[in-house]
Amino acid sequence: MRELEIIVIDDGSTDGTAEIVKRFGATDSRVRYFKNERNLGIQKSLNRGLREAAGKYIARIDDDDEWMDKEKLQKQVDFLDRNTDYVLVGTGAVFTDEEGRELFRFVGSKTNLAIRKTMLSKNCFIHSSVLFRRDLVMRFGGYDESEEMKHVEDYNLWLKLGSVGKLANLPIYGVKFRVRKTSLSWKNKKEQFKKDLKLSKQFRKIYPGYIKGILIGYARIFFYNFFYLLPFKSFILRLYKLF
């Protein structure tokens, strides 16, 4: 894609990120590098990326994930260009362990109707897979930076976007999603599940299935401790396939 910019937000890394990115930027003006003066955390770093971006669409990815479909972005851009009533489109993912070995493949609900029926029960989008309209996200102020939304900032934003437009997942495996039991997102899963419940309550007038969402939310919290004792692959599989 020619009309592309690559924005790298360095939130206080201590490795060779700066040198690597600057080396690419020296030969490709589309690559832009920004380093936070201090560690700001995921929410503020994401918003800095949004502010620095000039494009119509935003796709984001974590440093340990990988876009595996070479046409992922083009397919998503084409979808949003053709369907102007849609505000966000994601894809499926291949889940891997820390060494990159495949654990399983997953595609969430695909159509707008199916997603809406599911959104109060679970986050239907893998963060590193999405493409969304920047102007609409900026109208909402970007990602919520409050402590209350920490670990659920993406889910909160998708719920907001779905209040003004349609949502979809393409039936492709667009991203390789690495899961680590030691990562912050997994260590804070139980806290995240509790915050998911609050979001279900907050958006109950916009999406259907509130009672179902609350029941699944409490079941997820209850069974989490049992799942956590299982081998890691089984633990991840149950979280995504059952809930």
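About the Cα centre of the stretch 1-103, how large is the charge dipole given +1 on each Lys and Arg Cβ and -1 on each Asp and Glu Cβ? Please answer in debye to the nearest 20.
Here the stretch 1-103 has a charge dipole of around 620 debye.
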Original post:
Over all distinct Cα pairs, what is the inverse of the mean 1/r for the chain, reported as the Kirkwood hydrodynamic radius in Å?
Top reply: 18.8
Subject >> Radius ratio Rg over Rh of the stretch 1-125, counting only Cα atoms, Kirkwood formula for Rh >> reply: 0.98
Original post:
Which percent, nearest 5, of DSSP beta bridges in the chain are antiparallel?
Top reply: 40
**OP:** Compare the peptides 129-140, 4-15 by average per-residue count of other Cβ atoms within 10 angstrom and give them in order, highest first.
**Re:** 129-140, 4-15
Subject >> Label-point separation, LYS212 to ASN225 (7 Å along Cα→Cβ), nm >> reply: 2.9
Original post:
With the chain treated as a Gaussian network of Cα nodes joined by springs under 10 Å, which of GLY100, GLY162, GLY16 yields the largest mean-square fluctuation?
Top reply: GLY16
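Bear in mind these aren't lab numbers, they're just calculated from the coordinates by the rules spelled out. Nothing here was measured: the structure is a model prediction, and the numbers come from that model. Counting neighbours? That spans all protein chains shown, and the Cβs are built from the backbone with ideal geometry, glycine included.
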